[in-house]
1. For the stretch 4-127, give the magnitude of the charge dipole about the Cα centre (Cβ charges: +1 Lys/Arg, -1 Asp/Glu; no others), in debye to the nearest 20.
2. If we count other beta carbons within 10 Å of each Cβ, what is the order of Lys74, Lys16, Lys99, fewest first?
3. Under a 5 Å amide H to amide H cut-off, with H placed in plane at 1.01 Å, what residues pair with Leu102 once short-range neighbours are removed?
4. Test of understanding: what is the full-extension gain from Thr23 to Ala84, defined as 0.36 nm times their sequence separation minus their Cα-Cα distance?
5. Once both labels are modelled 7 Å past Cα along the beta-carbon direction, what's the Lys109-Asp3 spacing in nm?
6. Go through 110-117, 40-47 and give me the packing order, highest mean Cβ count within 10 Å leading.
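Any read-out appearing in this document is the output of simple, stated calculations on the displayed coordinates, not a laboratory observation. Given the structure is predicted, the values throughout are model-derived calculations rather than measurements. Positions of Cβ are backbone-derived with ideal geometry, glycine not excepted, and every protein chain shown enters the neighbour counts.
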Amino acid sequence: MADKILLVDDDPALLKLAEKILTQEGYKVALAHDGLEALSVFRRAPNDYFVVVTDYHMPGLDGVSLSQKVVEIKPQTPVILASADPELKNLGTHATNIKGCLRKPYHRKALLTAIADSRSWFTSKNDE
């Protein structure tokens, strides 16, 4: 059963902040420090995750590229992109599984709302 969030960021402080927010709300969280590590984690157990929250700008494999890999493995898994970029709303809109964009640094309410919305979307797609 998909009950975890895969959280990806190359900034350790932001990764810990988001992890703290999510675990305080009772979510199970797996961490990855870059896109390649996240892809490896996701490939090992794709059915464990109901959403991937990833930084957009990362060395190696960026958030949009990671999203494209996730959709190849498990198309019904939503991805939320996060960035400090002011043009955030335009990032990755071509990838079908990107279901939200978050501004960094993370704000508790926005992060939790995006997670809840993604879980609802994931549940509806997996009930079809």
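1. Charge dipole, the stretch 4-127, about its Cα centre: 400 debye, nearest 20.
2. Lys16, Lys74, Lys99
3. Under 5 Å from the amide H of Leu102 lie the amide H atoms of Leu81, Ala82, Ser83, each far enough along the sequence or on another chain.
4. Taking 0.36 nm per residue and subtracting the Cα distance, the gain is 19.7 nm.
5. 3.0 nm
6. Highest to lowest by the protection proxy: 110-117, 40-47.
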